[in-house]
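Working notes, beginning with the structure itself.
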Amino acid sequence: MVAAQYFDGRTSAAQVVTLTSDGEWLQLRGEVLTRQWLMRDVKVSERLGDTPRRIELPDGGHCEVGDQVALESLLKQAGYRGSWLDGMQHSMRWAMLSAVLIIVAFAAAYRYLLPWGAGVVAQSIPPAMLQKLGASSLQTLDKLMLEPSKLPAERQQALRAAYAKLAALPDAQLDYQIEFRSAPQIGPNAFALPDGNIVMLDELVALTKNDDEILAVLAHERGHVEQRHALRMVLQSSAVGLVMTWYMGDVSSLLATVPAMMVQASYSRDMEREADDYASRSLSLNGLSPCLLTDILRKLEAAHVQRQGEAENNKKGSVMDYLAGHPATQERSALLCPAH
């Protein structure tokens, strides 16, 4: 027997009643009324904490029950089955499964949806914004770690001329030029800016006497720019901040941090493979062997190992390749130049 308040659906007056069930019928008894309905025609609201539950009746009225324990007992004895959703919400098994599904969904979104969305946004950024990001990024780098190049002007011009002759792939979107800098603390390296400028360090030029190997590095960096890798990494790492600044209507504070974030960003292995593939196609288009990139990668690896020292290298347990986050040089070589 369950105490309840009955509302007939026509007036706001509540009548105190009791509810009982013989398994097939739900009986309602009050001081001046007695009614019954088949249990299958009755609808009971889902349980939400200690909130009174509502029982919808076929006559258009309803009952409100505050005693959750007594009502659960009555429903169980009557064999009443609520909605499948209500059953899932009060099942520990379904609760655990839901938690696992939520984690899997978030992981899948982070692994696939976020990179896809970042790629779409990065490709839609107008050239004027890319130029602004490139200029501000170079200014930041000059303040943090770069020094003026010490290469003779003739050597710089020769490399620029060689690079200018490197035909771009049909889908290329940007114009490219080289910015020469020096960074002894970094060592031999090159990296691309969003606007198509590629920063070439003196230390990389000094690493090889083969200018075609330098062109292979430049083609690789061009692949990073064409695929918008730097912007995609920035967008992915700042997705929450991007959403918040968009919602708040002020993106200036976010844009101000982009150059600093680009300095610290390292590309994923997938992005490195994309840039390697782009370089391979560029070199083949220009009658050069993709093995040139393999040769310079090995020289870069050897130079970085020498700089780190064998002791530090063994302590870290892995060899630092070109830049942090790159696939192993051996793996990249096998893809670029299988017979080399």
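Largest first and to the nearest Å, give the Cα extent of the stretch 2-81 along each principal axis.
Cα spread of the stretch 2-81 along its principal axes, largest to smallest: 30, 27, 19 Å.
With θ set to phi - 60° and the Karplus curve 6.51 cos²θ - 1.76 cosθ + 1.60, what are the ³J(HN,Hα) couplings of the stretch 56-63 in order, to the nearest whole Hz, using x for Gly and Pro?
My calculation for the stretch 56-63 gives 7, 10, x, 7, x, x, 7, 10 Hz in order.
DSSP loop trypsin sites (Lys or Arg not before Pro) in the stretch 24-124 with at most 16 other Cβ atoms within 10 Å of their Cβ, which ones?
Numbers: sites: R29, R35, R40, K43, R47, R53, R54, K76, R81, R93, R111; in loops: R47, R81.
Qualifying residues, ordered by number: R47, R81.
Each reported figure results from applying straightforward, stated rules to the coordinates on display, with no laboratory input. Because the structure is predicted, anything quoted here is derived from the model rather than measured. Don't worry about glycine lacking a Cβ; one is built from the backbone with ideal geometry, like all the others, and counts go over all protein chains shown.
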